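The values are calculated or read from the model by the stated rules, or taken from the named source; none is laboratory data. Since this is a predicted model, take the numbers as computed values, not measurements. Methodologically, a virtual Cβ is constructed for each residue, glycine included, from the backbone with ideal geometry; neighbour enumeration extends over all protein chains shown.
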Ligand SMILES: Nc1ncnc2c1ncn2[C@@H]1O[C@H](COP(=O)(O)OP(=O)(O)OP(=O)(O)O)[C@@H](O)[C@H]1O
Ligand SMILES: [Zn+2]
């Protein structure tokens, strides 16, 4: 009988011991079914210790070790352990997050939904030419070379057929795509001088961990650099992990990658894919049956034997940070993973996060740049329209209206960026104090005119728009402010001849909606686009030459210290959609604060200038990246209860607080009520990351033992984004 130590997806930060009569060393990393309380759970075997602290008589036997699926590799176990340690999350919860749903449910996943043709890789041909020790694998390889591309099921029937999996593992053979004449690689574009320099710099670097910040202006051709790097990794028989911030960006990228590498095995993983597809992709990667894994944040947990390169596109994007459950940053985890496996990682962006920019400036990351666009001869010109002086007609200034009219006349596209969906952010009564507040959140409900409802964008609660004020009966309720629906209506009235298309989460509800919208825009079936940040990223529309920005000022003076950084990144990105091809682009930004340094940097499109400026401010204020933070959050039906818990946590911390640490007061969160729960926070700050980590390591176990009401929930967020 042996002891099996298991990580189980429960919110308790410990591992659990079971016994097994037949566990063997190769079961390490395997999924296992165990009884936990009265339930059966799927866990992962993380250790096979010689003994347990718990008496044998009290240990339960495992129900079943799932040997049909391969064990998780040691690398993968290290990865999840690191995430649990760094983010102070229970290891079982990290594994539950990292494992795909069907594995957690222990359903069988058939990853072989086809029976591929096997063919020799260049490495296979080399191996064949070398006079190696005769082995089953080499005999099978020779047979395959002789026969030409052969179905896997057929090759398995040959005398040395059992070595087929071995050949795949060694990358001597690969599943050739079906003989489809369309599947020839697209011709390579000639690299720009700057692209060539960047590739040279990464190539000439020693093999091993190499973090690169690739700062390239919008339209500089960063994707081409990624593809060339991937090509090299594939040629060396290594795999590539490519992360993107949004599901919306995966189809386009997948197409580009497939066109470039028609014979590579590409796995796309994102939350929009079904459970089964995700599970299949994960297992294929685990079994070494994927060359390129492409996906959003969660894909960072894909097991990848022979990992050779990691790319994080739009590294500054806040969606890399998970905001619930295990609050990890996929970008930061990716950097750790590259370091752990000793491979290069490329963080690409036009507007680096201040964290990454500082790492680069101080030499920890290699800073490579693309300063010119690949196709277009110039970056768009940026003009600021001072709305204190201009008269606005329905929120639009004269220069912006004229610029749109010009584009219409030239049959080019315009994009008006307004990062607020709905018709108006609030409905108000002119006669009394009534506003369309959400009864469950500390927020107003948004007027949605298309389906005539008031909807909370935080908890989803909605109801029909009232005909009269619920408080005083006034009939003339006023929608205040402006969202994309209202802007769309105005633009359609102002330009009756134009085809106006709104692109936000209300119209693009599903992935297929999105794809349909994108296809429409590409086909030139829209003249004026009204879009939220969904439109800001990554897209490349040939005839889009004007970007107008309205209603962006609020972020300048928001209480979140990161709001201006995000605004700058967003506006640079959305502006970067203009004039990417052969037509020159123009960006018009309406603002009341045209003299603000942020807008001045935008006007010059000076991401470095902005980074210096913002970092100076952060240094003076003692904010990250000059300090390191963790946030203890608590929520409960009553605010007092949440605060009281944090207060107890704070008192506990004070007994053990190192000098480098600073503890703030327990306070209500900025949005103190969400979905009927009151929320409070306690911020911990340190000038040294290690000191913060050590403290959290001691403090967290004590937090689990603090008295707390049944309704109270708490969580820790390391490197929080919203403070
Ligand atoms: N060397 C090249 N020769 C010709 N065209 C190129 C070259 N490199 C890139 N392109 C083209 O330039 C356009 C912009 O490239 P890409 O989309 O990779 O830019 P990007 O740097 O990722 O921009 P963004 O950050 O704005 O998304 C694309 O249409 C791409 O096909
Ligand atoms: Zn709500």
Is it true that some residue in the range 682-690 is within 16 Å of ligand 2 (Cβ to nearest atom), in contact (Cβ under 8 Å) with a residue 24 or more places away in the chain, closer than 26 Å to residue 457 by Cα and in contact with a helix residue (DSSP H, G or I) (Cβ under 9 Å, 6 or more places away or on another chain)? no
Tell me, yes or no, whether the range 482-502 has at least one residue that is within 16 Å of ligand 2 (Cβ to nearest atom), farther than 18 Å from residue 550 by Cα and in a loop (DSSP other than H, G, I, E, B). no
Residue count for the range 424-440, restricted to those that are out of contact with any strand residue (DSSP E or B) (no Cβ under 6 Å at 6 or more places or on another chain), away from ligand 2 (no atom under 15 Å from the Cβ) and under 22 Å from residue 675 (Cα atoms): 1
For the range 554-577, does any single residue satisfy the condition of being more than 16 Å from ligand 2 (Cβ to nearest atom), buried (at least 19 other Cβ atoms within 10 Å of the Cβ), without any contact (Cβ under 8 Å) to a residue 40 or more places away in the chain and farther than 30 Å from residue 441 by Cα? no
The one condition residue 644 fails out of (1) touching a residue at least 40 places away in the same chain (Cβ under 8 Å); (2) in a helix (DSSP H, G or I) is (1)
Between a residue in the range 186-207 that is farther than 18 Å from residue 371 by Cβ and in a helix (DSSP H, G or I) and any residue that is modelled with pLDDT under 90 and more than 16 Å from ligand 2 (Cβ to nearest atom), which pairs come within a Cβ distance under 9 Å, given they are 6 or more apart or on different chains? none
Among the residues of the range 573-599, write down those that are modelled with pLDDT of 95 or more and outside any loop (DSSP other than H, G, I, E, B). 586, 587, 588, 589, 590, 591, 597, 598, 599
Looking only at the range 465-485, which residues are surrounded by 18 or more Cβ atoms within 10 Å (Cβ to Cβ) and farther than 15 Å from residue 414 by Cα? 465, 469, 477, 479, 481, 482, 483, 485
Could you identify the single residue in 347, 309 that is assigned by TED's automatic domain parsing to the domain that holds residue 244, part of a strand (DSSP E or B) and under 30 Å from residue 715 (Cα atoms)? 347
Somewhere in the range 441-452, is a residue modelled with pLDDT of 95 or more, under 16 Å from residue 420 (Cα atoms), part of a loop (DSSP other than H, G, I, E, B) and touching a strand residue (DSSP E or B) at 6+ places or on another chain (Cβ under 6 Å)? yes
Test set (1) surrounded by 19 or more Cβ atoms within 10 Å (Cβ to Cβ); (2) part of a helix (DSSP H, G or I); (3) modelled with pLDDT of 85 or more - residue 240 fails condition number: (2)
For residue 616, all conditions in the list (1) surrounded by fewer than 14 Cβ atoms within 10 Å (Cβ to Cβ); (2) out of contact with any helix residue (DSSP H, G or I) (no Cβ under 7 Å at 6 or more places or on another chain); (3) in a loop (DSSP other than H, G, I, E, B) hold save one; what is the number of the exception? (3)
Qualifying positions in the range 621-663 - under 30 Å from the mean Cα position of the chain (by Cα) and exposed (fewer than 15 other Cβ atoms within 10 Å of the Cβ): 621, 622, 626
Can you pull out every residue in the range 429-439 that is surrounded by fewer than 18 Cβ atoms within 10 Å (Cβ to Cβ) and either in a strand (DSSP E or B) or over 35 Å from the mean Cα position of the chain (by Cα) (or both)? 430, 431, 432, 433, 434, 435, 437
For the range 495-508, indicate whether the set of residues that are buried (at least 19 other Cβ atoms within 10 Å of the Cβ), over 31 Å from the mean Cα position of the chain (by Cα) and closer than 24 Å to residue 533 by Cα is non-empty. no
With respect to residue 515, determine if the residue is touching a helix residue (DSSP H, G or I) at 6+ places or on another chain (Cβ under 7 Å) and within 16 Å of ligand 1 (Cβ to nearest atom). no
The residue that is farthest from ligand 1 (Cβ to nearest atom), considering only those in the range 391-409 that are loosely packed, with under 15 Cβ neighbours inside 10 Å and not in a helix (DSSP H, G or I), is 391
In the range 450-483, anything within 22 Å of residue 431 (Cβ to Cβ) and touching a helix residue (DSSP H, G or I) at 6+ places or on another chain (Cβ under 9 Å) is listed as 479
Within the range 699-713, the residues that are in a helix (DSSP H, G or I) and in contact (Cβ under 8 Å) with a residue 24 or more places away in the chain are 699, 700, 701, 702, 703, 704
Take the range 664-698 and flag every residue that is surrounded by fewer than 17 Cβ atoms within 10 Å (Cβ to Cβ), part of a strand (DSSP E or B) and more than 26 Å from the chain's Cα centre (by Cα). 667, 668
Listed by first then second residue, the pairs whose first member lies in the range 394-405 and is assigned by TED's automatic domain parsing to the domain that holds residue 494, whose partner is part of a helix (DSSP H, G or I) and modelled with pLDDT of 95 or more, with beta carbons under 6 Å and at least 6 positions apart or on separate chains, are 394/490
Do we find that residue 368 is closer than 27 Å to residue 480 by Cα and part of a strand (DSSP E or B) in this structure? no
Give me the pairs: first residue in the range 444-462 and farther than 22 Å from residue 433 by Cα, second residue assigned to a loop (DSSP other than H, G, I, E, B) and near ligand 2 (Cβ under 9 Å from one of its atoms), beta-carbon distance under 6 Å, and six or more apart or on different chains, which are they? 458/441; 458/443; 459/440; 459/441; 459/675
Residues of the range 274-306 satisfying the condition of being more than 18 Å from the chain's Cα centre (by Cα) and not in a helix (DSSP H, G or I): 287, 288, 289, 290, 291, 304, 305, 306
So if I check each of 542, 488, which one is away from ligand 1 (no atom under 16 Å from the Cβ) and either surrounded by fewer than 21 Cβ atoms within 10 Å (Cβ to Cβ) or modelled with pLDDT of 95 or more (or both)? 488
